Structures are given as structure tokens and as C-alpha cells.
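One structure is given below, encoded as C-alpha cells.
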Amino acid sequence: MKHKTFFWFILPSLAAMLLFIAMPLVSVAIQSLFVEHDQVLIEVENCTPFKCESSVAVDQEATAALREERPLGQFNALGTYTNRSHLAFAEVREAWNASGSLYEFGAQLMNLPFYKALAFTITYTAVVTPFVIVLGLAIALGVNALPQLVKGPTIFCSLLPMIVTPLIGSLILFWMVDADGILGAALQRIFDDDQLSLKASHSLTWIMLIVYGIWHSAPFSFIVFYAGLQTVPQETLEAAQIDGATRWQRVRYVVVPYMTPLVVFITLMQLMDNFRVFEPIVGFSASAKATSLSWIIFNDLRGGDIQLFGSAAATSLLTILGVVVLLMPVLIRTWQEFGRKVV
Amino acid sequence: MASVAQRRSPGLIFFSTAFIVFWLMIATGPFIWTVWGSFKVQGDFFSKTDWRYALYGVRTITETGDAFTGNGYFGAWIQQEFWRNAFNTVIVVTFTVIISLTMGTLGGYALARSGFRYAFWLLMAALVFRAMPHITLVSGYLLPFFEWNLWGHLPTTIIVLVAINQPFTLWMLHSFFLNIPKDMDESALVDGCTRLQAFRHVIIPVMWPGVITTGLFSFLLAYNDFAVTSVLLSQENQTMVPKIASFLGTVRQQGQVMFAVAAVVSAMVPLFFLVLFFQRQIVSGLTTGAVKG
């Protein structure tokens, strides 16, 4: 295809991506260097018949005018990155000096919003991804052994948790495990504790969100593995059988190796998707006990009276940095493969 | 036919079937429970006394005189005007799918037929863009959109969703067009067609299976999105998903949680039918990327 034709064909798509993906990244980078204006304060004198008192008040008009005039806010350089709600260098150093043990230091870090969110995001990604792969493979092996007639309906039912809107899926589970819901009430009865609530404890909230994540993503890896299982050659399986391999050995040494490229693919997709975990925290109203990087950006944008663009932008850039680190192995591999192709 | 040696032991069959049944209960149980419960009153669905109340609708009978009630649906759709949000969702989703498929087929076709190095780099850039958490991009839009008075309108959201969707659409259609033999459009070129004519007369007639599959995933992205729609749409233009999130708080205060339950079930129904009719395409779409490695 000629360069010119290629250009005209790709133009709409490329323009959309440049305008709405590349440009926002630039915009985020610029916004992160600014911080909201302080409110303009004026001194007002309140006179009663007896004496005059001067007090400080917010000059609403001037503040609004200032915000109108320079919507970006005032220049703050890298100040936003190092403040308490982000990397919090000062607080981290203090905590490091003050705490005697590593455990204590960790506990101190969890009081800082950014590290709290980072800890949950990483834990969620690191726990959900392997569970999804193992569970998906197990389901795929099970479904593959079913009679042909029931396979279709089984796949249909298995797809539901993945297809459903994440927010809706998490709400449905939340209503079940909530104190009055069927599972929550059952737990209360089992443990004979009226006050038991999954929302009340940090670790239970985390487990609840992780269980939701596995439930939501397992179908994806199931479908991929199931499609992969159809391509495992029967001859190899039979050869292994003739050599006396047990069923478990056949799965372990024939099927699993065939699945390895699929595992890489699922891991990549899952890492990308789990790292942006966001909706379940809203759905489970879990933000008091667990926050994610995406959630704190959302909270900066929607949470308070004033939208903290600078703060949201700084967290966004740090999150993007995390994504790049996460994708680094893949990018390096592709780069090397490409280099080999060219040479 | 399975040979004798391949036949499984009864124990294994039992174990694997039991496992699948257990999984199906986990996968579908919550949906069945919630759909059933949405026709009950709150006292039954969130029963403090006995969970079986939700099955038989004991309170529902005493409060409404019947074991099933449509009160939740009435409250959500009429009182809370959920139909407006459903209408907005229809607009957003329809236009997002149409526009992103139009752009994506052109772009994907070009990427599949161009052997130059920049095509590869574009695909790589698209992969990186695909990994961006949507909310990070949203935080970049917000301030400019406020400044240019673009915030809150449906068209803005549509074009943003189209753009966020592009990397995925490009990848998928690219790998789909690679499967259409090059000879087809090249022989048209030899016969004197321009690229556009070759695309129009040779490729378009055979591309529909791939386009439908990609369209399904565009639909899912636009329909399921929460991060973009909840931040970029004003109160009156909200689509279904952000509306559900925003009225959770108010209905809980009013003691009308069933409104939210009914709204959630209503928003689920289209997805249910989508899987029912397009199961084959969804499965093949999920695996296209995987088989290529």
C-alpha cells in the first residue's frame, strides 16, 4: 500500500487517538505541575454598637475571578508529586526514622492515601491474575469433558459474570454479602455474631473485592483456554497414553505446555485490566477500607466541592508510570523480536 | 468415539461434573437471585428474619397482596425517570459503535495491508494506549472540556468513547483483515480499481463477520463504561450505569433500595440477550488475540 493511501485510510482513527489519548496525556502532564488557587482572603470589619472587630473572610468574587482568569491554577512545579497525598517523601522519611520495625513502617505507610491505594492495586492485581488463570484452566478442562449437548448452555452461563457491567456485577454481589443480604445473614448465623459485617474489617473487604475480581475475570481465561484445548493434537495425547502416562501426567506434560502461550496472553490482558480496578470499589462502597489508584483519581475529580485537577493529574501520571513498568517485559520482548526481524 | 482407554473413571467424571455444577452456581446464582428478588419488597430481599422470605415473598404478600410486585420497576423507571437514562444509553452506544467501526475498518484495513515499519509502530502504540486506565485519560479531558464548554454533552462522551475504543478496534480488525487473502483486493487493483474502490467492492462484502464481532466488543465497552460517563456527563445527560451509581445513595436514604435493584436488573437484560444471540461471536472474538499468540 502506498504511503499516501495508507495515510488517508488511517487518518480518522489516528486523529481520534492523537486528540483523545495522546493529547490528554500531555494535558495531564501540564496539569500536574499546577495547583488550585488559594482562596482570596479579605479583612472585613464587623462593627457592633460597642466595638469593631476585624475578621478574615473569603472574597468569593475575587476567588471566582481568579479561577476564571487562570483556570489551571498556580504553578507548583513538582510540589504536588511530593505532597502528603502523593509520594509524601517527608512523611515517608519521618515514618522510616520513627518506626522500629518494618511492620510498623508498613502500617505507617498505609495511612498515606497514595501508598494505601498502591498497596491495594498491587495486591489485587497480583492475587487475582494467578487465581483467574488456574480457575479458568480448571473450568475449561471440566467443560471439555462434558457431553456435547450441554456445552453450549454451560458456556452461556459461564460468560455472564464477565459480560455484565462491572459496577452492576459488584452491586449484585454486594447486595448478597451485605449484612441483610442472603450470604451476609448466613455468615452472621454461622458465626453467631449479629455485628459481623464484611465491610467492617480491612482484610475481609480486601478478600471480598478479590473474590469479586476472580468471579468477574475467570470466564475470560476459561474461554481462551477452552478454545486452546480444541487445538491440542490428539496424536500427542495418545502417544503419551501409550507410553503409560496417567491422566494427570497427560494434563501436566502435554496439555499445560500447549497452553503456555495462552497463559502469557491472559496474564498480559489481566495485568492491564486488574491494574485499573475501580468499579468494584464504588459498587461495594469499600472506599473506607480499600482504595485503588483509579479510585483516588476519580475521587479527586468527583469527590469534593472543588475538583482537584492537579492532584488527579499527578496520580494519573504515577499510574501511567506503573502501567509502563508493568508492560515493560512485553514491550522489551516485542522490541527484540522486531529487531531480529529487521536484521 | 472415545476408546476404552480414554474413558474416564466414574470418580473423575463425578468430580469434574460436580466442579462444573458448582462453578455454574457461582456464575449464575447471583443473577438468578437478584432477578427473582427484584420482584419482592425490600423486607423480603434484604430479610433480617429468614432468607426464605425472599423465595416465597412473605412480606411482599402482606404489603402488596401478591407474591410478586413491580413496585421497584415502577419506582425506578417512572418515579426516578430511569427511562431518560436508558434513552441516553441507547444514543451513546449506537453512535459509539457505528463511528468506531467506521474508523476502525478503514484503519485496520490499512494496517493489515501496509508492510511498512510505521504500521508496526502504530500497532505498538495502540497496545500501550489500550493499557491506559481510562480514568487517567478522563482527568486530562476535564479541564479543557470545562474551558471550551464541551463538558456534559452526549456527543463529547461519544467521541471520547470512540477514541478510547480505537486501539482495541484497530487490533481486532487488523488481525481479522490479515485473514482475508491479499490476492482478493490486489487482483482488483490490477484490474484498475483504486484502493478505495477495491475496499468498497471486494473487502466490504466479505468483512461482516469480523465487523460484527468487533462491534459487539465496542458495544460492551460503551455500555459497561462507568469511568468516562460518570465524570463527563452532566446530571440530566447521564446514561444508565452512572445513574445507578448516583442514585444508590439517595434511594438508600429514602428506604427505596428496591428501585436500585430494579434498575440494575433492567440494565442487565440487554446484556443477557446479547450473550444469548451472539455467544459464538463473543467466544471467537475473545480468542482471536490469543490464537495469534
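Every number in this text was worked out from the coordinates using simple rules, so none of it is lab data. It should be emphasised that the depicted structure is a prediction, and the values quoted were computed from it without experimental measurement. A quick note on method: Cβ atoms are made from the backbone with ideal geometry, for glycine too, and the neighbour counts reach across all protein chains shown.
Observations
- Taking the centroid of alpha carbons for each part, region A:190-221 and region B:174-218 are 48 Å apart.
- 16 Å cut-off, amide nitrogen to a point 7 angstrom out along residue A:64 Cα→Cβ, residues in region A:17-55: A:39-41
- Shielding of A:23-35 by partner chains, average beta-carbon count, 10 Å: 4
- In terms of its C-alpha gyration tensor, region B:1-92 has an oblate overall shape, because the principal axis ratio a/c (a ≥ b ≥ c, square roots of the eigenvalues) is not below 1.5 and a/b does not outweigh b/c.
- Per residue of B:122-132, other chain Cβ atoms within 10 Å of the residue Cβ number 6 on average.
- For residue A:331 and residue B:277, a Förster radius of 51 Å and the Cβ-Cβ distance give a FRET efficiency of 0.85, rounded to the nearest 0.05.
- Partners for residue B:40 among aspartates and glutamates (Cα-Cα distance below 20 Å; same-chain residues under 8 apart left out): A:178, A:180, B:50, B:63, B:66
- Overall form of the protein assembly as shown per C-alpha gyration tensor (a/c, 1.5; a/b vs b/c): oblate
- Positive-end residue, chain B charge dipole about Cα centroid, Cβ charges, pick of B:108, B:260, B:158: B:108
- With Cα atoms, 0 to 90° folded angle of helix B:10-37 axis to chain B main axis: 70
- Among the chymotrypsin sites (Phe, Trp or Tyr not before Pro) in region B:38-145, those placed in a DSSP loop whose Cβ has at most 14 other Cβ atoms within 10 Å are B:68, B:116.
- Angle between chain B longest axis and helix B:117-131 axis [Cα atoms, degrees, rounded to 10]: 10
- Only helices enter this figure: runs of n ≥ 4 DSSP H residues, each worth -39500 (n - 2.57), summed and divided by the residues of the protein assembly as shown, yield -23500 deg cm²/dmol at 222 nm to the nearest 500.
- Pairwise centroid distance, computed over Cα atoms, of region B:250-270 with region A:84-119, Å: 40
- Here's the thing: no aspartates and glutamates lie within a cross-link span of residue A:2, going by alpha-carbon distance under 12 Å and ignoring same-chain residues fewer than 8 apart.
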